[in-house]
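Derivation of every value follows stated rules applied to the coordinates shown; laboratory data play no part. Just so we're clear, the structure is a prediction, and the values are computed from it rather than from any experiment. Every residue, glycine as well, gets a Cβ built from its backbone with ideal geometry; the counts of neighbours run over all protein chains shown.
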């Protein structure tokens, strides 16, 4: 089933919200991440609401907090807003301490509804693919980009894989597990 005007509206909205943002340490426009996550969700059976949520999953955290979430709810409905809310680990600025925030997020996604896990896992898969590519290109210096550093980042991605797996998720999580395994193997060699 083709996506409709709501998808087109969300695509433009996401591009406008994140227009001046770049991916951490790479200079790549941030919107490429949103497009990749939406693509992964769509390729894994996501509904239009889930694909829209994938486009907007970082908007409250990076572009407006709870006011942004309410704007998303008004524009795209409760289902989309609920998924976006489920993918957000904080609305606070500055953000709370990294490790407790990530531990809480891992615990949350383990019991989250399937649409939240789908968008969250797609987000983490794209992030992990980017980490793997950058690790191959720049080596161990990559870890300086991340608040959790090398050990914290490796812990976080493995903990997410375990949480998604425990929830019973399928091929998308298997792919995330494979990519995280490659990151772990390469990180051990660095």
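Is segment 32-88 rounded, prolate or oblate when judged by the Cα gyration tensor, a ≥ b ≥ c being the square roots of its eigenvalues, rounded requiring a/c under 1.5 and prolate requiring a/b larger than b/c? It comes out oblate by the Cα gyration axes. For the chain, the longest principal axis of the alpha carbon atoms and the long axis of helix 171-189 meet at an angle near 30°. Compute the Cα gyration tensor for segment 86-147, then decide on rounded, prolate or oblate, letting a ≥ b ≥ c be the square roots of its eigenvalues: rounded whenever a/c is under 1.5, prolate when a/b is larger than b/c in the other cases, and oblate in all that remain. Note, shape of segment 86-147 comes out oblate. Highest mobility in the GNM of the chain, judged by mean-square fluctuation with C-alpha springs under 10 Å and restricted to 139, 27, 46, is found for 27. The alpha-carbon positions of the chain define a convex hull whose volume is 109 Å³ per residue. Across 55, 35, 160, mean-square fluctuation computed from a Gaussian network of the chain (C-alpha pairs under 10 Å connected) peaks at 35.
Label-to-label distance for residue 189 and residue 79 is 4.4 nm, based on points extended 7 Å past Cα in the beta-carbon direction. In segment 5-189, Cα pairs under 8 Å separated by at least six residues give a relative contact order of 19 percent. The long axis of helix 5-17 is offset from the longest Cα principal axis of the chain by roughly 50 degrees. Taking the fewest neighbouring Cβ atoms within 10 Å as the starting point, the ordered list for 73, 99 is 99, 73.
Segment 35-85 and segment 130-190 have Cα centres lying 24 Å from one another.
Seen against the Cα atoms of the chain and their longest principal axis, helix 98-110 is set at about 60 degrees.
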